[in-house]
Amino acid sequence: MVPAQAFQAQGRGHLLTEQAHQLSTDLDQLATAELVQLFCAEDRRPQEAVAAAAPALAAAIDAIADRLAQGGRLFYLGAGTSGRLGVLDAAECPPTFCSPPELVQGVLAGGAAALLRSSEGLEDLEAAGQADLEARGFSSADVLVGIAAGGTTPYVHGGLGHARRLGALAIALACVPADQVPMPADLDIRLITGPELLTGSTRLKAGTATKMALNILSTGVMVRLGKVHGNRMVDVAVTNSKLEDRALRILADLAGVERLQGAQLLAETGGSVKLALLMAKAGISAGEARASLGRQGQSLRAALQEQGAT
């Protein structure tokens, strides 16, 4: 295993994410239309990189879902753009899946202040990765996804090493090949996006690929946890008029419920689309629906089968 600090001494120029792109050597001299076309062509690479990592993503989804089903939590940890993307994905889980805020957490070097103001210098503190996890009560039951585009971030290496020592599930997410930068992890996801058009600016293709991968990870995990029915967000939190409209359309589409009746069902269930759907399709009370979902691990499909209302 190569310590993250070793790259400070030997340099990082050999890393794929740090190399100069041959097609953008005259980037500052291109006409604006040519510049945009170059970016459009190159931005196909993140999708290709994520597709190539599909087996690793699938393995990670199943492993994370298993941990969370047993009471564990999912933590994203990173610095700079990588950390901010983790915080973004974590923040979007409660409104999308009605998950408790502590279930998926984003840990960013420098804390909340680093969301708005660059604090990339903090990524060099390997001990800080462990300390930030310890401050959140990270345990052996949990999962850590350590995100580092170039793979060398000491802050992330510190967190991953801590997770492994505890016996937690440690997952590395990087945009360089593993033979360039090994990372301490149980599962290794590599998104090989190649050199950036703006040399070393991993907020570009590497950041796009990372966002895509996190979308897949969190959505896949929530699907496995029963928070999705078909392709609908049946655990969506009805907290504003847009989401209320979406909830009413889900009830209409999946249970043939008119909007007025749907609004009444949502009122009875405290805004729970899943409960309202089960009540409407099975013709049962809110209490019966809640009990059925409890017996079936909150899976709407299993609860519908239990009630003979598939």
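Only the coordinates and a few stated rules stand behind these numbers; no lab work does. Worth saying up front: this structure is predicted, and the values here are computed from it rather than measured. All Cβ positions, even for glycine, are placed from backbone atoms using ideal geometry, and neighbour counts span all protein chains on display.
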What whole-number distance in Å separates the alpha-carbon centres of segment 195-251 and segment 76-131? 17
Value of relative contact order over the chain, rounded to a whole percent, pairs C-alpha under 8 Å and six or more apart: 19
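How big, in percent, is the set of alpha carbon pairs in the chain lying more than 36 Å apart?
Cα-Cα pairs of the chain separated by over 36 Å account for 28 percent.
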Please work out the FRET efficiency for the pair GLU92 and GLU268, using the Cβ-Cβ distance as r and a Förster radius of 22 Å; give the result to the nearest 0.05. 0.20
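Within 10 Å of each candidate Cβ there may be at most 14 other Cβ atoms; applying that plus a DSSP loop requirement, which GluC sites (Glu not before Pro) in segment 174-282 survive?
Here the sparse-neighbourhood loop sites are GLU258.
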Honestly segment 210-310 on the Cα gyration tensor test (a ≥ b ≥ c root eigenvalues; a/c under 1.5 rounded, otherwise a/b vs b/c for prolate or oblate) is just oblate
Have a look at the DSSP beta bridges in segment 6-224 and tell me what percent are antiparallel, nearest 5. 0
Output for segment 31-110: trypsin sites (Lys or Arg not before Pro) sitting in coil per DSSP, at most 13 other Cβ within 10 Å, listed by number, reads ARG44
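Provide SER285, SER82 in ascending order of the number of other Cβ atoms located within 10 Å of each residue's Cβ, fewest first.
SER285, SER82
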Determine the shape class of segment 55-101: with a ≥ b ≥ c the square roots of the Cα gyration tensor eigenvalues, call it rounded for a/c under 1.5, and otherwise prolate if a/b is greater than b/c, oblate otherwise. oblate
Using the beta-carbon distance between ALA252 and ALA309 and R0 = 22 Å, what value does 1/(1 + (r/R0)^6) give for FRET efficiency, to the nearest 0.05? 0.85
Among LEU265, ALA51, ALA185, the residue whose Cα sits farthest towards the positive end of the charge dipole of the chain (+1 at Cβ of Lys and Arg, -1 at Cβ of Asp and Glu, taken about the Cα centre) is LEU265
Would you be so kind as to identify which of PRO94, GLY146, LEU204 lies farthest towards the positive end of the dipole of the chain, taking Lys and Arg as +1 and Asp and Glu as -1 on Cβ and the Cα centre as origin? PRO94
Using Cα pairs under 8 angstrom and six or more residues apart, how large is the relative contact order of segment 241-306, in percent? 21
Quote the FRET efficiency, to the nearest 0.05, computed for HIS21 versus VAL223 with a Förster distance R0 of 35 Å and r equal to the Cβ-Cβ distance. 0.45
Overall form of segment 139-224 per C-alpha gyration tensor (a/c, 1.5; a/b vs b/c): oblate
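Which of the peptides 234-241, 298-305, 272-279 is most tightly packed, and how do the rest follow, judged by the mean count of other Cβ atoms within 10 Å per residue?
Highest to lowest by the protection proxy: 272-279, 298-305, 234-241.
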Please give the length that would be gained between SER201 and ASN231 if that part of the chain were fully extended, namely 0.36 nm times their separation in residues minus their C-alpha to C-alpha distance (nm, one decimal). 7.3 nm
What is the distance, in nm, between label points placed 7 Å from the Cα along the Cα-to-Cβ direction at ALA178 and at GLU288? 5.2
So for the pair GLU102, LEU35, with labels modelled 7 Å out along Cα→Cβ, what separation do we get in nm? 4.8
